[in-house]
Amino acid sequence: MFEEIDPFEKLALEAKFQKLSPGGAISYIECADMQNNIPAVIEVIKFIYDNIMYAELNTKSDYCQVCGYDGEIKIIDEGGKLIWECPKCKNRDKDKMNVARRTCGKP
Ligand SMILES: [Zn+2]
């Protein structure tokens with residue numbers, strides 16, 4: 001299910017439900033590559049500290065073995081065929097890249 005919401009609003013909303021789950025609760029923020037926006041990451045961490053017991057930022061950390069790119073390997077749609085491609089060197093060899101994606105709710 002998708003809902004357009006900013007991370008602060010999401011955390012504030014989910015924080016209200018923590019008391020209903022005495023066994024523990026966790027909130028996730030799925031986000032883009034934040035390497036160039038560290039101040040935003042710090043603001044979210046501060047908000048987590050003040051508002052919620054346990055939350056995580058999930059980001060993409062792929063690696064291209066050809067050029068050493070460390071970030072998000074892109075998916076290119078070529079006529080319905082999905083191809084992984086390094087945005088830096090355009091490497092498409094799946095044996096020469098590390099891509100990790102969460103495909104379910106459990107870590
Ligand atoms: Zn590359």
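Only the coordinates and a few stated rules stand behind these numbers; no lab work does. Note that the structure is predicted; figures quoted are calculated from it, not measured. Here the Cβ positions follow ideal geometry from the backbone for every residue, glycine too, while neighbour counts run over all protein chains shown.
Here each label is just a point 7 Å from Cα along the line to Cβ, and for Glu43 and Asp6 those points are 0.7 nm apart.
Only Cα pairs under 8 Å and 6+ residues apart enter the sum, and on that basis the relative contact order of the chain stands at 21 percent. Multiplying the residue separation of Asn98 and Gln35 by 0.36 nm and subtracting their alpha-carbon distance yields 20.9 nm. Enter the angle in degrees (range 0 to 90, nearest 10) between the Cα long axis of helix 38-51 and the first principal axis of the Cα atoms of the chain, meaning the one along which they spread out most. Approximately 30 degrees, to the nearest ten.
In debye to the nearest 20, how big a dipole does region 7-58 give about its Cα centre with +1 on each Lys and Arg Cβ and -1 on each Asp and Glu Cβ?
Values: 4 positive and 7 negative charges, 49 e Å.
Taking the Cα centre of region 7-58 as origin, the dipole is about 240 debye.
Of the residues Ala100, Ile5, Cys31, the one whose Cα sits farthest toward the positive end of the charge dipole of the chain, with +1 on the Cβ of Lys and Arg and -1 on the Cβ of Asp and Glu, is Ala100.
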